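Some notes on the structure that comes next.
The values are calculated or read from the model by the stated rules, or taken from the named source; none is laboratory data. In this text, all values refer to a predicted model and were calculated from it rather than measured experimentally. Cβ coordinates were reconstructed from backbone atoms using ideal geometry, including for glycine residues, and neighbour counts include every protein chain displayed. With ligands, DNA and RNA removed, areas are computed over all heavy atoms of the protein, side chains included. Shrake-Rupley method; radii C 1.70, N 1.55, O 1.52, S 1.80 Å.
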Amino acid sequence: MTVSPSALADVARSEASLRAFLHGLPGVDKVGADQRAAVLGTRSIKTSAKAWAIDLATRMVDLTTLEGADTPGKVRNLCQKALHPGHGAPRVAAVCVYPAMVPVAHEVLRGSGVHLASVATAFPSGQAPLSVKLADTRAAVEAGADEIDMVINRGAFLSGRYTEVFEEIVAVKEACGDAHLKVILETGELVTYDNVRRASWLAMLAGGDFIKTSTGKVPVAATPPVTMIMLEAVRDFLAQTGRTVGVKPAGGIRTTKDAIKYLVLVNETAGEAWLDPDRFRFGASTLLNDLLMQRSKLATGHYTGPDYVTLD
């Protein structure tokens, strides 16, 4: 489906027009999507390219801790690991923490080039008044976050209240100021692939800089088919609007093998331009350790155990 930029700008003028646009998007062939993602997942890369892929995946990591037991000491250690992963590896893309931990992380990361991301908007449920969500966002930005990971109101989306979700994303984007906005769709709760495609377009139309699969707090997090559908969405959105939006799968991506499968998926779906931390990220807490162990294996010829990398 081809839509002119002027038409896209007008789709949110009413609930009816937004619904018509979203439900007019091509349906997703679930069997076909699952099969294509599975086939791409079997592709391997040359040994000579593996070191490059590992370092690229490392540079794409949003190193994350989002636990109720997080402490300033744990966050400082995580930030040091982001800056100095070890084994000669490059720095990660960002550190992602709760708003209360942003001042602690900012103290360590300031001026380093590693981004500071904060979840906001009543993460992970998204069930709070808009005023609370906006205050949450502004507080994180004022404390030093330059990226905000918001969650959409899945209840509103699944009830068909698309304008409510759209306007909320627009308001949060405005509250972000110069900070980039990642919009978490929580795809594991969206039920269908068609809804994943609709939510992706809704988030992009509302101004999201990234679309993100999951909070990591529900049983079904990132999957290759869902990520592929989101990559198709950003590819098509760029073609129709000229605006680039990134993709961030999060939750359940733990091994180098997983990460490389996703890089193949990115290259084959959205294209080589998305093989860049400005366009693709991994939301992960344990992936970095495996990347470091695999990097060491390539350099030394033997595996180092998990005792040789710091715990997240």
In the list [x] 1.17; [y] 1.06; [z] 0.96, the entry giving Rg/Rh (Cα atoms, Kirkwood Rh) computed from the coordinates is [z]
Spelling it out for D149: with amide H atoms placed in the peptide plane at 1.01 Å from N, the residues 5 or more places away or on another chain with amide H under 5 Å from its amide H are S118, V119, A120, K182
Set K46/K182; K173/K217; K46/K81; K81/K217; K81/K212, cut-off 26 Å on Cα-Cα distance; pairs above it are K46/K182; K46/K81
With all protein chains present and a 1.4 Å probe, the order of Y193, Y162 from largest accessible area down is Y193, Y162
Expected vector for the range 232-244, Karplus 3J(HN,Hα) from phi with 6.51, -1.76, 1.60 and θ = phi - 60°, integer Hz, x for Gly and Pro, equals 4, 5, 5, 4, 5, 5, 4, 4, 9, 10, x, 9, 8
accessible surface per residue for the chain, probe 1.4 Å, DNA/RNA/ligands not counted, whole Å² -> 42
Partner aspartates and glutamates whose C-alpha sits under 13 Å from that of K74, ignoring same-chain residues fewer than 8 away, are D312
Over all directions, the range 53-145 yields a Cα convex hull whose mean projected area in nm² is 6.4
Rounded to a whole %, the carbon-and-sulfur portion of the accessible area of the chain at a 1.4 Å probe is 53
Filtered hits (aspartates and glutamates, Cα-Cα < 20 Å from K30, offset >= 8 within chain) -> E186, E189, D194, E232, D236, E268
Long-range share for the range 119-188, i.e. C-alpha pairs more than 16 Å apart as a percent of all pairs, stands at 39
Yeah, the range 193-278 with a ≥ b ≥ c from its alpha-carbon gyration tensor (a/c under 1.5 is rounded, else prolate when a/b outruns b/c, oblate otherwise) is oblate
The simple spin-label model distance between V132 and R59, using points 7 Å out along Cα→Cβ, in nm, is 4.1
A student applying the Cα gyration tensor rule (rounded when a/c is under 1.5; otherwise prolate if a/b is larger than b/c, oblate if not) would label the range 1-127 oblate
